[in-house]
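To keep things clear, I will list the structure first and then write my remarks on it.
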Amino acid sequence: MSLRSRAVVALLVAAGVATAAGPAGAQGAGGDAHAAAGSTGPGALSRLGRDVLREMIEVNTTDEHGSTTALARLLAARFVAAGFPAADVQVVGPEGTPHHSLVVRWRASGSGAAKPILLLAHLDVVEARREDWSFDPFTLVERDGYFYGRGTMDVKGPGATLVSSLLALRSEGFTPARDIVLALTAGEESGNANGVQWLLANRRDLVDAAYVVNVDGGGGVLRAGRHAEFHVQAAEKVYQSFTLTARDHGGHSSIPQPGNPIYRLARALERLDAFRFPATLNPVTRAYFARDAALVGGPMGDAMRRFVADTHDAGAVKTLSTDLIFNALIRTTCVATMLEGGHAENALPQMARATVNCRLMPGSSADAVRATLARVVADSGIAIDFIGQATPSGPTALSPELEAVLTRLIAEMWGPVPLLQVMETGATDGLFLRNAGIPVYGLSGVFGDLEDDRAHGRDERIGVTAFNDGLEFMRRLVKELAGKR
């Protein structure tokens, strides 16, 4: 958290803004930022968006060292200052945690409106260490046409387009014909149940909706600098982690013995690294590859066509597997993400453990994946245990009404860019909403290059032009959708 943010948070806390026990109750600081919301036009929108993005990046919201509550309160102050009733701006979550969510309701004019539209993003981000980055990850840096900072892509950048769009529309005098609900949540990156899961279990009234626009998925795809495709996330893979643990009785390091857990675990991980789960398709990925084949063209496009025709075509599978994204779209993946072992530099290790994170194709069984890991590891002395329990969710078919609106807006802004439904290779909080019976559409107006995806990585960034376009696209989309009863 920056010094500026610390000062503003202190003012907001003193003013009693937005606690878990109740709604936001004061305007707080940041007069220049809020003034930007009082004017209209593309220039004003981009200035507002940049200011919101800076504020979001410069509050550390990592699970271990940060606070989503601090950021939620800052954003709550913006909405109250912009004229949203304090009772409709709430920072909520379980007691005893610094990670709460912000929920803002913009109420429709008149009565008899349709169910609300829920706009969703998460405030938390994965850890980022200053020594790993070229810049301070929690300071927004603009350089060479990019904004750098932890969360610029995942997912504070797209989240800032939601915040800015509502503030801009309010300043324009727009009044929705149906309620709009904005939920900026905690816990998505850490797997903690204090965000969307908590809201569904404890305050479903705040987030119940006709459908969800989730900016943590989908969006535009750049290829060679051109606007190539626009993705709507219709399905997502299932998240399941395991521990692989090798144990031994240990001993003095001066007398090496067979059965060293570190070596055994290393050999097991090498076998896992060389293994590939079988390639397969589901209805969403089948339709995606069938349509994307013509757009991609060349040998890769030919491989897509052949794979759709025959998932056992070894040559097609081999070609698709050379592309990191396509490889993740056609199979379950498991990868080692953490290691620990040993207890002293002069002692033989008694334990070595790896965390293996798997992303299961929809419909796959976590038990079956564990059985496959046991077969690949091929060491009965290595224990394979579940970390948590996988939560699958079914696909969401794109409604004709939303498809028509998206197609028109995409054409207005970027020309004849094809709209494709896709499966998310990761997992989002959308799965909990889908499982609660609320349709979820993963999309944002921000275009990114799949060859330069730095989410969760070093020097995460988002294009300045892509961000500004995303602001305008989201403003138009919210206005279009919220103007219909």
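Laboratory data are not the source of any read-out in this text; all were calculated from the coordinates shown. Keep in mind that this is a model prediction, so the values were computed, not measured. Cβ placement follows ideal geometry from the backbone for every residue including glycine, while neighbour counts extend to all protein chains displayed.
Scanning the stretch 331-348 for residues being in contact with a Ser or Thr (Cβ under 9 Å, 6 or more places away or on another chain) and in a loop (DSSP other than H, G, I, E, B) gives a total of 5. What about Phe289, is it part of a loop (DSSP other than H, G, I, E, B), farther than 18 Å from Ser393 by Cβ and touching a Lys or Arg at 6+ places or on another chain (Cβ under 9 Å)? Against the criterion (part of a loop (DSSP other than H, G, I, E, B), farther than 18 Å from Ser393 by Cβ and touching a Lys or Arg at 6+ places or on another chain (Cβ under 9 Å)), Phe289 does not qualify.
The residue that is surrounded by the most Cβ atoms within 10 Å (Cβ to Cβ), counting only those in the stretch 274-294 that are touching a residue at least 24 places away in the same chain (Cβ under 8 Å) and farther than 20 Å from Gln233 by Cβ, is Ala279. When His227 is tested against (1) surrounded by fewer than 18 Cβ atoms within 10 Å (Cβ to Cβ); (2) within 30 Å of Ala397 (Cβ to Cβ); (3) not charged (D, E, K, R), exactly one condition is not met: (1). Taking the criterion of being crowded, with 17+ Cβ neighbours inside 10 Å and either acidic (Asp, Glu) or out of contact with any strand residue (DSSP E or B) (no Cβ under 6 Å at 6 or more places or on another chain) (or both), the only residue of the stretch 394-405 that qualifies is Leu402.
Counting only residues that are within 20 Å of Gly426 (Cβ to Cβ) and either surrounded by 15 or more Cβ atoms within 10 Å (Cβ to Cβ) or of a type outside the set (Phe, Trp, Tyr) (or both), the stretch 378-393 holds 7 of them. Scanning the stretch 125-157 for residues that are closer than 15 Å to Thr465 by Cβ and assigned to a helix (DSSP H, G or I) gives a single hit, Gly157.
The condition (being in contact with an Asp or Glu (Cβ under 8 Å, 6 or more places away or on another chain), surrounded by 15 or more Cβ atoms within 10 Å (Cβ to Cβ) and not polar (S, T, N, Q)) is satisfied by just one residue among Val155, Val181, Val141, Val207: Val155.
Here is a yes/no grid of residues against (1) on the phi < 0 side of the Ramachandran plot; (2) assigned to a helix (DSSP H, G or I); (3) under 21 Å from the mean Cα position of the chain (by Cα):
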site: Val213; (1), (2), (3): yes, no, yes
site: Thr243; (1), (2), (3): yes, no, no
site: Gln257; (1), (2), (3): yes, no, no
site: Arg271; (1), (2), (3): yes, yes, no
site: Phe277; (1), (2), (3): yes, no, no
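Scanning the stretch 313-330 for residues that are within 22 Å of Asp452 (Cα to Cα), of a type outside the set (Val, Ile, Thr) and either in contact (Cβ under 8 Å) with a residue 24 or more places away in the chain or part of a loop (DSSP other than H, G, I, E, B) (or both) yields Leu320, Ser321, Asp323, Phe326, Ala328, Leu329.
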